[in-house]
Amino acid sequence: MVLRLAETLQVPPRERNALLLAAGYAPAYRHTNLDAAEAVAARQAVDLLMAQLEPYPVLVVDRYWNTLRMNAGARRWFAFFPGCDSVSPHNGVRLVFHPQGLRPFIENWERVAARLIQRVHREAAANPLDGRMKTFLEELLSYPDVPSRWRMLDLDDSPPPFLTVDYKWKNSTLRLFSALTTFGTALDVALQELRIESFFPADEATRAALIS
């Protein structure tokens, strides 16, 4: 009955396990690491996608935006911005907020960070039992010069249809936008939550810098 109700409501696998535990049952969905032998097909698909998108940056991240894998294009991209590798563990959202991360290089930082913090707010609100997500949200809000108004989820927020991240690099500006890919039929907690974030140039100058 619990699983049937969760299926009807399209509850994600992680929350289905929590419902089962609350009802006194064992979890039904595994949490398989991408490096595990059972995940070989998923791993091959991820590796193929990362290779096909070279030289553009690609990151494979978990539900908390921690980087699990990156392609050569992503490593070259981060090398454009000295000091970013000092922020650990590697996490794309943390890099945007951290003073020693990408933040000093992002020209439209406030617009980008405002969108990201709302995304994390919504993740935390949608998963009230996820203490780790709440802790991550508090970490982001604790960084210097983060506006106090960002402490609340903005229910009236009207996001733009398209947002680029504009990076200061040498004497120019590099503009990227991203696309997310997920597994559509994953029945494993980790694989269902895994996201492949691909970054693409928003103008010719950025494309030239990425392929040089």
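The values are calculated or read from the model by the stated rules, or taken from the named source; none is laboratory data. Note that the structure is a prediction, hence the values are computed from the model and not measured. Neighbour counts run over all protein chains shown; Cβ positions are idealised from the backbone, glycine included.
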Considering residues of the stretch 79-99 that are over 23 Å from MET133 (Cβ atoms) and out of contact with any strand residue (DSSP E or B) (no Cβ under 8 Å at 6 or more places or on another chain) only, the residue modelled with the lowest pLDDT: ASP85
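Being of a type in the set (Gly, Ala, Ser) and either at pLDDT 95 or above or within 28 Å of LEU210 (Cβ to Cβ) (or both) is the filter here, so list the residues in the stretch 32-56 that pass it. Please lay out each step first, then the result.
Going through the stretch 32-56, the residues of a type in the set (Gly, Ala, Ser) turn out to be 36-37, 39, 41-42, 45, 51.
Of everything in the stretch 32-56, those that are of a type in the set (Gly, Ala, Ser) and either at pLDDT 95 or above or within 28 Å of LEU210 (Cβ to Cβ) (or both) turn out to be ALA42, ALA45, ALA51.
So that you can scan it fast, the table gives a plain yes or no per residue for (1) loosely packed, with under 13 Cβ neighbours inside 10 Å; (2) in contact (Cβ under 8 Å) with a residue 12 or more places away in the chain; (3) of a type in the set (Asp, Glu):
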{"position": "GLU123", "(1), (2), (3)": "no, yes, yes"}
{"position": "ARG132", "(1), (2), (3)": "yes, yes, no"}
{"position": "LEU140", "(1), (2), (3)": "no, yes, no"}
{"position": "THR164", "(1), (2), (3)": "no, yes, no"}
{"position": "SER172", "(1), (2), (3)": "yes, yes, no"}
{"position": "PHE177", "(1), (2), (3)": "no, yes, no"}
{"position": "THR181", "(1), (2), (3)": "no, yes, no"}
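Please tell me if LEU116 is out of contact with any strand residue (DSSP E or B) (no Cβ under 8 Å at 6 or more places or on another chain) and either within 21 Å of PHE177 (Cβ to Cβ) or at pLDDT 95 or above (or both). Reasoning before the result, please.
Numbers: out of contact with any strand residue (DSSP E or B) (no Cβ under 8 Å at 6 or more places or on another chain): yes; either within 21 Å of PHE177 (Cβ to Cβ) or at pLDDT 95 or above (or both): yes.
Spelling it out, LEU116 is indeed out of contact with any strand residue (DSSP E or B) (no Cβ under 8 Å at 6 or more places or on another chain) and either within 21 Å of PHE177 (Cβ to Cβ) or at pLDDT 95 or above (or both).
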Hits in the stretch 28-87 (condition: of a type in the set (Ser, Thr, Tyr) and out of contact with any helix residue (DSSP H, G or I) (no Cβ under 9 Å at 6 or more places or on another chain)): SER86
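Quick one: which residue in PRO201, PRO159, PRO128, PRO147 is out of contact with any Asp or Glu (no Cβ under 7 Å at 6 or more places or on another chain), exposed (fewer than 11 other Cβ atoms within 10 Å of the Cβ) and either more than 19 Å from MET70 (Cα to Cα) or in the same structural domain as ASN91 (by TED's automatic domain parsing) (or both)?
From the options PRO201, PRO159, PRO128, PRO147, the qualifying one is PRO128.
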Helices (runs of 4 or more DSSP H) fully within the stretch 128-212 counting 1 or more residues that are of a type outside the set (Phe, Trp, Tyr) and at pLDDT 95 or above: 131-141, 204-211
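Quick check on the stretch 92-102: of everything there that is touching a residue at least 12 places away in the same chain (Cβ under 8 Å) and crowded, with 16+ Cβ neighbours inside 10 Å, which residue is nearest to LYS170 (Cα to Cα)? If you could, list the steps in order and put the result at the bottom.
From the stretch 92-102, those touching a residue at least 12 places away in the same chain (Cβ under 8 Å) are 92-94, 96-102; that's our starting set.
Still in the running and crowded, with 16+ Cβ neighbours inside 10 Å: 92-94, 96-98, 101-102.
Working: GLY92: 22, VAL93: 23, ARG94: 23, VAL96: 19, PHE97: 21, HIS98: 21, GLY101: 17, LEU102: 14 Å.
Among residues in the stretch 92-102 that are touching a residue at least 12 places away in the same chain (Cβ under 8 Å) and crowded, with 16+ Cβ neighbours inside 10 Å, the one nearest to LYS170 (Cα to Cα) is LEU102.
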From the options GLY73, GLY101, residue that is assigned to a loop (DSSP other than H, G, I, E, B) and in the same structural domain as TRP169 (by TED's automatic domain parsing): GLY101
